[in-house]
Every structure is written in structure tokens, then in C-alpha cells.
Amino acid sequence: MIKNINSLTVIQLNDSHAYFDLHQEMFRQGGQAGRAGTEVCLEADGGANVVDLIKLQPQSEHTHGLAHKAFDALFTTDKPIIFAYHGYPWLIHRLTYRRTNHKNLHVRVYKEEGTTSTPFDMVVMNDLDRFYLFGDAVDRLPQLQSQVAYAQQFVRYKRFEHKQYIAEHGEDLPENCNWKWGTCNSAHCGRENWQQHATCWLMLMLFFVLSGCFSMAPSYQQPPLPVATAYPAVPSTVEAGAGQDTIATGWRDYFTDPRLQTLIKLALDNNRDLRTAVLRVEEARAVYGIQRAEQFPAIGTQAGVDRTRIPADLSPTGEPVEGSQYQVALGLASWEIDFWGRVRNLKESALENYLATDAVRRAVAISLVAQVANSYLSLREVDERLVLARRTIASRAESLRIFTRRVQVGSTSRLDLTQVQTLLTQAQALGAQLEQLRAAQAQALTLLIGTPVDSHADHLAKGRG
């Protein structure tokens with residue numbers, strides 16, 4: 001953010017909050033200091049944060065530089081400029097020596113003063129603190145000298161108060177610790193901030209408590225079934241609880257034929273419809289897991305690496321300098337406080353949908369077992385009928401041979417021979433129909449099982465003993 005003012009341009013790289021903060025400090029004192037501080041701060045709060053130093057160069061020197069017209073529009077051509085820079089001053093002068101207003105550029109930098117001290121005291125010893133910079137700015141505005149005498153005295157007092165405090169306590173003033181833009185640093189304001197934070201935490205805890213008490217979803221009432229809820233009364237000879245025993249019986253206990261058990265096992269492993277039902281259950285379970293996770297906060301992580309290189313002509317040592325900066329962030333990405341129970345109800349809905357889908361899977365499995373059993377028994381029935389049909393065909397063929405011989409010797413009429421031939425043709429037609437019916441029944445059983453029947457149940461290939 002860049003601003004221009006009528007009398008002074010202030011550039012700061014690391015202490016951009018100085019003037020507004022001082023205005024707040026003086027305004028809290030009240031009286032003439034507050035009024036003078038307000039007037040001065042409103043005159044001198046313009047400034048620029050220079051992020052890319054290459055912008056200070058003309059475009060003729062670097063492609064990222066600012067044109068002279070743009071630079072003069074930002075920093076004027078005749079107003080004093082205070083440049084607060086945590087580095088060496090010759091670098092700034094070297095980058096701006098071609099600028100029109102270079103003679104009015106005053107760079108304030110670290111003087112390599114101080115050893116082990118507090119963070120803010122290091123800035124004070126190098127004359128880069130906000131109080132010193134404010135006084136420096138006022139000194140370059142002659143038209144304000146008669147108005148800010150008390151303000152300058154206040155600035156000197158704040159630096160003196162800082163020195164006394166760190167000598168006694170070994171740390172910075174509370175108003176200089178953890179400073180943030182727009183915050184109040186006095187002890188009174190600190191207590192107010194603490195009270196506000198405590199109130200916010202109490203309200204947040206109250207939301208958590210109330211979120212488990214409210215729900216906008218109506219209570220579910222199961223409608224009455226249009227059919228009877230129980231079987232009619234059974235005879236007294238049947239023992240009570242027999243129905244429950246039947247329900248609890250597994251298909252292996254109910255179907256004792258080993259060959260049928262093998263076919264049912266193959267169907268449960270290979271049937272396509274059952275596989276689809278199982279996949280739908282997995283899908284519903286995943287949806288339920290996702291919806292359940294919405295109740296908890298979403299934690300976001302981020303990592304980044306920045307590499308920089310300073311060319312030799314811009315480096316204080318005269319050699320190129322390369323640097324790396326690694327950043328890792330972990331934070332709360334999103335979290336919806338379930339005050340009215342919306343998220344909780346959506347989770348319950350997903351759970352019920354999952355349970356319903358699983359019930360459908362069980363119903364498909366039970367239906368599959370029943371269909372396989374019916375198809376198997378029907379196939380066995382056709383096999384038995386086919387055995388009888390083939391025996392009948394053999395018997396009719398033998399009768400035809402006998403009657404043919406009798407006609408040849410003249411012991412019977414040709415009418416009897418024709419009747420025997422008709423019976424044989426009928427038996428052969430029935431046998432062909434049964435062969436076709438068996439092939440269709442075996443194909444239906446193959447579709448249910450999901451694999452060829454004869455490859456896994458050779459005993460069903462012919463079905464005859």
C-alpha cells in the first residue's frame with residue numbers, strides 16, 4: 001500500500017506501524033498532546049512498503065524497475081523521503097542515484113549498535129524505532145514546528161521510559177510486546193482484550209453444549225403396516241419359539257444336500273447381482289464415513305520452499321548470495337458448528353441409508369439362495385423325468401421290434417404295428433422336449449451361479465443313476 005502526502009513521503013520496510021501507533025499512544029493521554037499528536041499523525045501517516053528493491057531502479061537499468069514518471073508520482077520530486085531499511089544505506093543510494101529526488105532521500109539503517117538486548121531495544125539503539133522516526137519526520141516539516149513541540153517531548157519521554165523499563169525488568173514494555181496493527185497496548189486495554197477473549201471462549205463453549213440439544217429434524221414415527229405383524233395362531237402342538245429357531249437357521253443347516261451346498265457357495269461367490277449389491281453397500285459405507293467426518297474440524301497443512309539469489313553487483317560482500325526459506329503451516333481449514341443439528345442429521349441419514357443398503361444386500365443373498373435351490377431341484381426333477389423318458393423310448397423300441405417280426409410271420413395285423421410306431425414316436429418327442437427343458441434349466445442355474453454348472457458339478461451333467 002502506497003500513499004503520498006503534501007509535505008513528506010515516508011518509506012518503511014519493517015516498522016510500517018510507527019506513526020499510527022504513536023497517534024494512539026498520544027491520543028490515550030488526552031489533552032493537548034492528544035490533539036497535537038492527532039494533527040501530526042494525520043499529516044505524516046502516508047508511506048510505502050517496498051517489497052522489491054529492484055523497483056527503485058529505472059527501467060533502463062533493470063526490467064523490473066519503475067519508470068521515472070511512475071517513481072516521481074509515488075515519491076514526488078521535491079519532498080523529503082525517510083527510508084527505514086534494515087541493511088546498509090549505500091545499497092539504497094546506489095539504486096536511486098538516478099532519480100530526480102535522490103538528494104532528498106534520507107536512509108535510516110542499522111548502525112550495528114547493541115549486543116544482547118531486547119528486540120525493541122535493538123531497534124531503539126539503531127534509531128529505527130517508531131518514536132525516533134516520528135521525530136525525524138517532524139524535524140523535516142518546518143511548518144509544524146510550532147504545533148508539535150509537546151509531541152516531540154512526548155516522543156523523547158517514551159524512549160527514556162523504555163530505557164528505564166528494560167534496565168529494571170530486562171524485557172520490553174508491554175505496549176511493545178506482541179504489537180499488532182490496530183490493537184491497544186495499555187494495561188487497561190490488555191484487560192479489556194483478555195475479557196473479550198474470555199467471553200468469546202465462553203460463547204464458543206456454550207455453542208458446543210447447545211449444539212447437542214437442538215435439532216430441526218422431526219422425530220420419526222413408523223407408519224402402521226398394511227399387513228399383519230405376525231403369523232396366525234399356530235396349533236398348540238407346535239412348541240413356542242419354533243418360528244425364531246427357523247429364522248435363526250442358516251442355509252447350510254436348511255439345505256443338507258452337499259451338492260446343493262456347493263452350488264449355493266459358488267453362487268454367493270460369483271453371482272453378478274450380489275457383487276453389485278455388495279459394491280453398493282461399500283459405497284453407502286464410504287458416504288457415511290465422509291458425512292460422519294463433517295462433524296469434526298478439517299485440518300489443513302501447507303509446505304513451501306522459497307529460494308532467492310542476490311547478484312554480485314547488489315550484494316554487500318560483492319559476491320552473489322543465495323538463500324532458502326522453508327515454510328510449513330498447519331491450521332484449521334474449516335469447521336461448521338452444528339448448532340441446529342444439520343450435520344448430525346445428515347450423518348444419521350447416511351447411516352440409515354447404509355443400513356438399508358446392507359439390508360438389500362442380505363435380501364439379495366437370501367433370494368439368490370432360494371433361486372439356486374429352486375433351480376437345482378427343478379433340474380433334478382427334469383433329470384428324473386428324462387431318465388423315465390429314455391427308458392420308455394427303449395421299451396417302445398423293443399415293442400416295435402417284436403411287432404415288426406410278428407407282422408412278418410403273419411401273427412398280427414399291420415394296424416397293431418402302426419399303433420406301436422405311434423407310441424414310440426410320442427415317447428421320442430417327449431424325450432426331445434425334456435432334453436430341451438433340461439438345457440434351459442441348466443442355463444438358468446448357470447446364470448445364477450455365475451459360472452458353468454457342469455465344470456463344478458459333474459454329478460449334474462446327466463442326472464441319471
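Points worth noting:
- For region 223-278, residues that are farther than 30 Å from ALA356 by Cβ and modelled with pLDDT under 80 total 8.
- Of all residues in region 50-65, those that are farther than 16 Å from ALA84 by Cβ have Cβ atoms under 9 Å from Cβ atoms of residues that are part of a helix (DSSP H, G or I) and basic (Lys, Arg), 6 or more apart or on another chain, in HIS62/LYS55; HIS64/LYS55; GLY65/LYS55.
- Residues that are of a type in the set (Asp, Glu), in contact with a Ser or Thr (Cβ under 9 Å, 6 or more places away or on another chain) and in a loop (DSSP other than H, G, I, E, B), drawn from region 299-341: ASP338
- Residue ID - nearest to THR446 (Cα to Cα), chosen from residues in region 257-272 that are of a type in the set (S, T, N, Q) and in a helix (DSSP H, G or I): ASN270
- Of residues in region 258-268 being free of Cβ contacts under 8 Å to residues at least 24 places away in the same chain and surrounded by 12 or more Cβ atoms within 10 Å (Cβ to Cβ), the one nearest to SER349 (Cα to Cα): LYS265
- Residue that is surrounded by the fewest Cβ atoms within 10 Å (Cβ to Cβ), among those in region 406-417 that are assigned to a helix (DSSP H, G or I) and touching a helix residue (DSSP H, G or I) at 6+ places or on another chain (Cβ under 9 Å): ARG414
- Which listed residue, of SER367, SER378, is hydroxyl-bearing (Ser, Thr, Tyr), in contact (Cβ under 8 Å) with a residue 12 or more places away in the chain, assigned to a helix (DSSP H, G or I) and within 30 Å of ARG438 (Cα to Cα): SER378
- Residue among SER367, SER324 that is more than 24 Å from the chain's Cα centre (by Cα), under 30 Å from THR262 (Cα atoms) and not acidic (Asp, Glu): SER367
- Looking across THR76, THR96, one residue alone is under 26 Å from LEU128 (Cβ atoms), of a type in the set (S, T, N, Q) and touching a helix residue (DSSP H, G or I) at 6+ places or on another chain (Cβ under 8 Å). It is THR96.
- Exactly one residue among ARG344, ARG309 is more than 30 Å from GLY431 (Cβ to Cβ), touching a residue at least 12 places away in the same chain (Cβ under 8 Å), surrounded by 15 or more Cβ atoms within 10 Å (Cβ to Cβ) and of a type in the set (Lys, Arg), and that residue is ARG344.
- Selection within region 419-450 - crowded, with 16+ Cβ neighbours inside 10 Å and charged (D, E, K, R): ARG438
- Where strands (runs of 3 or more DSSP E) fall wholly inside region 9-120, the ranges with 1 or more residues that are modelled with pLDDT under 80 and not β-branched (Val, Ile, Thr) are 9-12.
- Considering residues of region 322-341 that are among the charged types (D, E, K, R) and surrounded by fewer than 16 Cβ atoms within 10 Å (Cβ to Cβ) only, the residue modelled with the lowest pLDDT: GLU336
- The set of residues in region 71-90 being surrounded by 18 or more Cβ atoms within 10 Å (Cβ to Cβ) and closer than 26 Å to ILE310 by Cα consists of PHE71, PHE75, ILE81, ILE82, PHE83, ALA84, TYR85.
- Some residue of region 384-405 being within 24 Å of ILE264 (Cβ to Cβ), among the acidic types (Asp, Glu) and not in a strand (DSSP E or B): yes
The values are calculated or read from the model by the stated rules, or taken from the named source; none is laboratory data. Since the structure is predicted, the reported quantities are computational estimates derived from the model, not experimental observations. FYI the Cβ positions are ideal-geometry reconstructions off the backbone, even for glycines, and counts take in every protein chain you see.
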